[in-house]
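The structure appears below as structure tokens.
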Amino acid sequence: MKRRNFISKNLALGAIIPAAYGSMAFSDQKNDNKKAPAEKVSDVVIERFSEGKPHKGKVLAVIQPHCDDIPIYAAGTVAKLIYEGYTGYLIRTSNDEAAGSGATTGERFLNNEKDNEAVAKVLGLEKTYDLNYSNHRMDEYNIQEIKGRLIFLFRLLKIDTLICYDPYGQYEENPDHYVTARAVEAARWMAGMGTDYPEQLEVVKPHTVTEMYYFARGPQIVNRVVDISKFIDKKVESNIVCKTQGPGGDTGARLRKSLAAEGKKLPILGNDDKTANFNYIKEFVLDLDKANGTKYGLEWAECFHYIGPAPSVLNEYILKNAVPL
């Protein structure tokens, strides 16, 4: 539970949205109304589930430093977007060699790699890309190299939308988190420019990433809340397969057995390991999602700093004012 202990009030800055981000955050509201139910509550857009595959043909990059980051903070939204038609890819930047169980560095490396693949499978993602930078030491690396590799992937896969840690989040202590976030933000901005990393253009073309869902475990701007109620069980499953690290995995089963050894039990953990793991994660690991849902009148919700395509003032002016010759 160490990572989750860092979470303070994620929504504390929800109403403090600078004007510069306000126009970007809500610029696609008209499009949202066409492709998926959404509504604005104060300065927050509530994004709801939509049938009919409104995102068919679009490509999603799901980016995490460690194999349990997306399961904890954004798996519900990933599952929702995949269900709505996205093709998705999982990019993990660190090698997780220092995290979780395993007697040796090599064992932890391999165990986390397997867990990462399992997360992708549960969420319906097509493929994983492991950049394999040393765990908890990503601030040692030249960010230009990280950016270059990400730019290549964004161009190669033709990414439209990404989900990652927020480069503008505050009080992040893990270097893997903030280095990944800053590299992603720079890479998505540069991927569409033909003047950056021109040597790549022999095999890929410039491609612009147009939407970003950024999450944080500390205070951040929150301008979009995604209703994940339909996908909460899928999020639970993604945490169950993170067996090597994170607050999920077999924690519920271990707690059930520990209590049994003391002659005690928690009814919520049931009578078998599968039930114990599932209910433990849903009730205790994902309690913040339940709190977020309650805050916004939903059952379960994830919160994001969302940045979308800016509206074209020129196009709007032409639509309103153009007259026949």
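For the range 224-243, the tally of residues that are crowded, with 24+ Cβ neighbours inside 10 Å and polar (S, T, N, Q) stands at 2. State all residues of the range 139-181 that are in contact with a strand residue (DSSP E or B) (Cβ under 7 Å, 6 or more places away or on another chain), within 18 Å of Tyr73 (Cβ to Cβ) and in a helix (DSSP H, G or I); if no residue qualifies, say none. Within the range 139-181, Asp176, His177, Thr180, Ala181 qualify. Only one of the listed residues (Asn116, Asn111) is closer than 21 Å to His136 by Cβ and either without any contact (Cβ under 8 Å) to a residue 12 or more places away in the chain or over 15 Å from the mean Cα position of the chain (by Cα) (or both). That residue is Asn111. Quick one: would you say Leu125 is crowded, with 16+ Cβ neighbours inside 10 Å, closer than 29 Å to Asp250 by Cα, among the hydrophobic types (A, V, I, L, M, F, W, C) and in contact with a Gly (Cβ under 7 Å, 6 or more places away or on another chain)? Considered against the rule, which asks whether it is crowded, with 16+ Cβ neighbours inside 10 Å, closer than 29 Å to Asp250 by Cα, among the hydrophobic types (A, V, I, L, M, F, W, C) and in contact with a Gly (Cβ under 7 Å, 6 or more places away or on another chain), Leu125 comes out as yes.
How about the range 156-196: which of its residues are aliphatic (A, V, I, L, M) and touching a residue at least 40 places away in the same chain (Cβ under 8 Å)? Within the range 156-196, Leu156, Leu157, Ile159, Leu162, Ile163, Val179, Ala183, Val184, Ala186, Ala187, Met190, Ala191 qualify.
All conditions but one from (1) surrounded by fewer than 20 Cβ atoms within 10 Å (Cβ to Cβ); (2) β-branched (Val, Ile, Thr); (3) in contact with a strand residue (DSSP E or B) (Cβ under 8 Å, 6 or more places away or on another chain) apply to Val119; the one that does not is (1). Scanning the range 84-94 for residues that are assigned to a loop (DSSP other than H, G, I, E, B) and surrounded by fewer than 21 Cβ atoms within 10 Å (Cβ to Cβ) returns Glu84, Gly85.
Each value in this text was obtained by applying a stated rule to the coordinates, not by laboratory testing. What you see is a predicted model, and the numbers here were worked out from it, not measured in a lab. Positions of Cβ are generated from backbone atoms using ideal geometry, with glycine treated the same way; all protein chains shown enter the neighbour counts.
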